[in-house]
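The values are calculated or read from the model by the stated rules, or taken from the named source; none is laboratory data. Since this is a predicted model, take the numbers as computed values, not measurements. So basically every Cβ, Gly included, is an ideal-geometry build from the backbone, and we count neighbours across all protein chains shown. Note: areas computed on protein heavy atoms with side chains; ligands, DNA, RNA excluded. Shrake-Rupley method; radii C 1.70, N 1.55, O 1.52, S 1.80 Å.
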Amino acid sequence: MLRFLLQRLALLATTLVVASFAIYSALYAAPGNPIATLTGGRTPTPEAIAVLEARYHLNDPFLVRYWDWLVGALHGDLGVSIPLHQEVSTLIGERIGTTAALVAYAAVIILVVGVGLGILGALRPGAVDGAVIVFTTISAALPSFVASIVLLLVFAVNLGWFPAFGTGTGVVDGFRHLTLPACALALTSIALVARITRAAVRDELGREHVQTAISRGIPFPAVVRRHVLRNAAIPITTVAGLTIASLIALSSVVERAFALNGLGSYLVQAALSKDFAVVQGISLVLVVAFVVVNVIVDLLYATLDPRVALGSRAT
Amino acid sequence: MTALLEIEQLGVDLAVEGAQRTVLRDVSLTIGAGEAVGLVGESGSGKSMTARAVDRLLPARATVRGAIRFDGRDVLALRGAALRDYRGEVAFVFQDARAHTNPVRTIGDFMTETLRTQRKLRRPEARRRAVALLAEVGIEDGERRLGQHPHELSGGMLQRVMIATALLTEPRLLLADEPTTALDVTTQAEVMAILDDLRRDRELALLFITHDLELAGAVCDRTAVMYAGQIVEQRASHLLHDDPLHPYTAGLVAARPSISSTSPRLAAIPGRPLSAFEAPEGCAFAPRCGHADEVCVATRPDVATIDEGAARCHHAVALRGRLAEAFRV
Ligand SMILES: Nc1ncnc2c1ncn2[C@@H]1O[C@H](COP(=O)(O)OP(=O)(O)OP(=O)(O)O)[C@@H](O)[C@H]1O
Ligand code: SF4
Ligand SMILES: [Mg+2]
């Protein structure tokens with residue numbers, strides 16, 4: 001188990017180094033001149049340029065700049081936004097809560113509704129299963145921006161149940177404001193998770209060891225809980241985990257549609273205004289979050305399946 | 001001997017691609033309390049389906065005809081808690097122990113599950129009993145084994161765990177469906193000996209399913225031979241070999257290269273075994289039988305009682321005594 005853990009941590013570190021390098025170099029190579037951004041289009045004097053270059057280390061070699069940035073990032077210093085003259089970490093800090101809450105809320109919806117529907121479909125063939133299939137087919141076909149618009153129109157504009165825009169103030173109001181965005185973000189993934197769950201539960205139900213349990217007079221609900229769901233949890237965890245990790249990237253679409261001041265929408269805004277330090281910073285945070293969620297899924301997987309943790313060959 | 005299990009004219013159809021396909025036809029078999037009965041036949045003859053029907057483990061949408069009684073109870077009518085209690089009295093040992101144990105649960109959990117959830121035993125007591133039974137099946141370090149997972153045990157070890165688990169709830173009937181076929185020869189003999197010993201100690205009735213006529217004879221008082229979803233012969237095991245009543249049994253005897261026999265290479269039964277749904281109008285064995293005539297092709301034979309045995313063959317009486325010779329080459 002320890003060995004497994006160390007392996008995963010080594011992999012995590014490698015992934016982060018590679019990803020951070022990719023992020024940094026992609027933006028380094030991107031078109032646009034930071035000096036022009038800084039001076040707002042006016043032609044600066046050569047002295048002014050020199051001062052700015054020195055302050056933002058614009059003349060250092062690429063690898064040195066990457067290294068400085070990485071070391072800074074490890075200390076929580078992501079540099080300064082040139083157009084806004086503010087610490088990137090502060091800018092991110094102001095918005096990370098919204099995105100984290102949105103993704104967490106959507107994750108809970110995905111797990112509860114997706115896994116729930118999948119189990120229902122697998123255990124109740126016929127009408128219930130048919131309804132699950134119809135629902136997942138429709139929701140799988142809806143891209144999140146379409147889902148956002150539909151939900152906005154129906155529940156915010158027509159029914160007026162939920163607010164259409166903004167983050168709200170306080171916990172309860174915040175929840176109300178995040179409900180529609182979280183649903184829009186979750187909808188496509190619910191379909192995927194429901195289908196995987198349905199297939200996994202079906203699969204397990206047909207397994208011989210389930211028959212053994214039945215042949216021993218264990219009540220069916222206990223068989224389902226102890227043998228079917230317990231085993232189906234292995235593939236479900238993997239898929240649900242990856243799906244939830246992918247929400248981190250998808251959140252920008254929904255944040256923009258619902259005018260939420262989160263990292264995703266800010267990333268798009270920063271990219272449009274060529275605010276490189278912010279783009280780099282947010283990208284790094286998103287990648288770290290993605291990788292960390294993946295590692296958690298891996299560890300969960302290993303805890304759920306004893307054959308993985310021990311690394312032995314099961315036949 | 002009073003009958004513990006009575007199977008009467010059992011017929012089973014399974015749903016295959018929308019159609020109902022017959023897999024068992026008119027199967028009648030009785031097992032007395034503490035009696036061991038062998039069920040022998042080639043692949044697809046319906047041995048497993050018979051055992052599954054007894055334990056009510058048939059696939060969904062199966063149609064069942066006839067009657068099964070256990071200790072006077074109508075097995076086919078059991079529902080809910082009564083069915084679960086019945087399953088506690090009838091234990092099933094499957095062929096593939098590995099597939100039949102949950103890979104993510106420990107041996108301890110697997111063994112004590114019924115005791116804890118159904119018999120409401122406390123965990124330490126359930127584990128104590130499990131360790132004791134493991135010792136009886138020749139697994140000494142039971143305490144350690146309980147903490148392991150199925151993939152950490154060899155096939156033979158796992159099958160012994162299966163047998164111990166089956167006996168843990170003190171059943172009255174054991175359904176053993178080829179419990180040793182998946183094991184290598186030495187392990188096979190060990191597991192068989194353990195199963196036989198424990199069964200006799202406990203006066204446990206046994207339905208022992210195997211391909212192997214001689215193995216059935218070694219373990220069982222009586223053996224039933226199945227062909228194409230029907231029982232074609234039933235007899236005291238020691239008589240099957242030298243005095244078979246059905247041409248198919250004689251063929252099985254001849255096809256087995258016996259270690260004890262000094263006879264030269266023996267003939268196999270020509271043709272391939274049929275499943276019940278493929279069987280022709282008349283005698284199911286007619287296409288492969290050296291004694292078949294028009295009567296055999298035209299009408300399905302009934303079971304005829306001969307001495308202490310029974311055979312499903314038009315010419316059983318006439319052929320008596322000549323069958324054992326017929327296949328020798
Ligand atoms: N799930 C199923 N659906 C449909 N037909 C089945 C199913 N399982 C078995 N059968 C058919 O039922 C018949 C009897 O099968 P059964 O498993 O009882 O044979 P068996 O005597 O146990 O053979 P083996 O020695 O190979 O285990 C066969 O024709 C088989 O093809
Ligand atoms: S009834 Fe005829 S075909 Fe069938 S086993 Fe007897 S002799 Fe052979
Ligand atoms: Mg079988």
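Quick one: net charge around B:Thr305, please, counting Lys, Arg +1 and Asp, Glu -1 for every other residue with C-beta under 12 Å from its C-beta. After counting each charged neighbour, the total is -2. Which angle between 0 and 90 degrees, to the nearest 10, do you get for helix A:2-29 versus the longest principal axis of chain A when only C-alpha atoms count? Between the helix axis and the principal axis of chain A, the angle is about 40 degrees.
In the protein assembly as shown, if every C-alpha pair distance is counted and binned at 10 Å from zero, what percent goes to each bin? Binned Cα distances yield the sequence 3, 13, 18, 17, 14, 11, 9, 7, 5, 3, 1, 0, 0. Compute the long axis of helix A:127-141 from its Cα atoms, compare it with the longest principal axis of the Cα atoms of chain A, and write down the angle in degrees, 0 to 90, nearest 10. Once rounded, one gets 20 degrees. Computed across segment B:1-147, the Kirkwood radius stands at 17.6 Å (inverse of mean 1/r, all Cα pairs). What fraction, in whole percent, of alpha-carbon pairs in segment A:160-210 exceed 15 Å separation? Roughly 62 percent, rounded to a whole number.
For the protein assembly as shown, with the dipole built from +1 on Lys and Arg beta-carbon atoms and -1 on Asp and Glu ones, taken about the Cα centre, which of B:Gly155, B:Leu133, A:Val293 lies farthest toward the positive end? Checked the options; the winner is A:Val293. Heavy atoms of the protein chains alone define the surface here; on that basis the protein assembly as shown has 46 Å² accessible area per residue at 1.4 Å probe size.
Exposed loop trypsin sites (Lys or Arg not before Pro) only (DSSP loop, at most 13 other Cβ atoms within 10 Å): please give the longest stretch of chain A free of them, not including the sites. The answer is A:43-312. The 1.4 Å probe gives accessible areas that order A:Tyr28, A:Tyr105, A:Tyr66, largest first, as A:Tyr28, A:Tyr105, A:Tyr66.
About the Cα centre of the protein assembly as shown, what is the dipole size in debye to 20, counting +1 per Lys and Arg Cβ and -1 per Asp and Glu Cβ, all else neutral?
1040
Each Cα pair under 8 Å and six or more residues apart adds its sequence gap; the mean of these over the residue count of chain A is a relative contact order of 24 percent. Based on alpha-carbon atoms, the Kirkwood radius and the radius of gyration of segment A:167-315 give Rg/Rh equal to 1.12.
Counted by Cβ distance under 11 Å from B:Leu274, the other residues give a net charge of 0, where Lys and Arg count +1 and Asp and Glu count -1. Working from Cα pairs under 8 Å separated by at least six residues, relative contact order for segment A:140-230 is 27 percent.
Between the amide H of A:Leu78 and those of A:Val88, A:Ser89, distances stay under 5 Å, these residues lying 5 or more places away or on another chain, with hydrogens modeled in the peptide plane. The listed residues A:Leu78, A:Leu9, once ranked by accessible area (1.4 Å probe) with the largest placed first, stand as A:Leu9, A:Leu78. Across segment B:75-192, counting alpha-carbon atoms alone, Rg and Dmax equal 14.1, 42 Å. Most simply put, the protein assembly as shown has about 65% antiparallel DSSP beta bridges, counting only bridges with both residues inside it. Residue by residue along A:217-225, Cβ atoms of other protein chains within 10 Å of the local Cβ number 4 on average. Each peptide in B:115-122, B:3-10 receives the mean, over its residues, of other Cβ atoms within 10 Å, and ordering these scores from highest gives B:3-10, B:115-122. Farthest toward the positive end of the dipole of the protein assembly as shown, out of B:Leu76, B:Ala316, B:Ala276, is the Cα of B:Leu76, where the dipole comes from beta carbon charges about the Cα centre.
Rounded, prolate or oblate: which fits chain A, taking a ≥ b ≥ c as square roots of the Cα gyration tensor eigenvalues, rounded meaning a/c under 1.5, else prolate when a/b beats b/c? Judged from the Cα gyration tensor, chain A comes out oblate (a/c at least 1.5, b/c at or above a/b).
List the accessible area buried at the contact between A and B, summed over both sides and calculated with a 1.4 Å probe, in Å² to the nearest 100.
2300
With respect to chain A, whose longest principal axis is taken over its alpha-carbon atoms, helix A:230-257 is tilted by about 40°.
Shielding of peptide B:102-113 by partners, expressed as the average count of other chain Cβ atoms within 10 Å per residue Cβ, is 4.
Per atom type, the protein assembly as shown shows carbon and sulfur on 61% of its accessible surface, probed at 1.4 Å.
Expressed as a fraction of 2.2 N^0.38 Å, the C-alpha radius of gyration for segment B:168-242 is 1.13.
The alpha carbons of chain B stretch over 66, 47, 41 Å along the principal axes, in descending order. Summing +1 for each Lys or Arg and -1 for each Asp or Glu among the other residues whose beta-carbon sits under 10 angstrom from that of B:Val40 gives -3.
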